[in-house]
Amino acid sequence: QVHVVESGGGLVQPGGSLRLSCVGSGSSFMFYDMGWYRQAPGKQREWVATIASTGVINYGNSVKGRFTISGDSAKNTVYLQMNSLNPEDTAVYYCNGRQGAYEVWGQGTQVTVSS
């Protein structure tokens, strides 16, 4: 079973960029559907993007065209490149791994977009 740890969050100005990383241990990401979710204060957790074990990639409508999810199997790491950030992107970002009935979440990394 895989365990995941996120990093890369921080404070960025509107229009800026950040890259989040999700490093896995215990098992290879190759066999998991890996995704990013986010949760803003007072709001429900929102799906951001997924890269499936098949390689298929999907994005939520609010980030399509601005965010890019990718994976590096050699490093067992999934990335979320976030460009053209705006204050509405402020949230805790979580990495998620899913294989059948098994699901794992990271502890989250804070992203704050503010001038």
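Summary of the geometry: the stretch 90-110 and the stretch 1-48, compared by the centres of their Cα atoms, lie 6 Å apart. Legend: Rg and Dmax of the chain, from Cα coordinates, 13.3, 42 Å. Residue 62 contributes about 60 Å² of solvent-accessible surface, heavy atoms of the protein only, 1.4 Å probe.
For the stretch 1-104, the relative contact order works out to 35 percent when only alpha carbon pairs closer than 8 Å and six or more residues apart are counted.
Return the FRET efficiency for the residue pair residue 30, residue 115: r is the Cβ-Cβ distance, R0 is 41 Å, and the value is rounded to the nearest 0.05. Here the calculated transfer efficiency is 0.55.
With 0.36 nm allotted per residue and the present C-alpha distance subtracted, the residue 1-residue 84 stretch has 26.4 nm of extension available.
The values are calculated or read from the model by the stated rules, or taken from the named source; none is laboratory data. Values in this document were obtained by computation on a predicted structure and should not be read as measured data. Methodologically, a virtual Cβ is constructed for each residue, glycine included, from the backbone with ideal geometry; neighbour enumeration extends over all protein chains shown. The accessibility values were calculated without ligands, DNA or RNA, using every heavy atom of the protein model including side chains. Shrake-Rupley method; radii C 1.70, N 1.55, O 1.52, S 1.80 Å.
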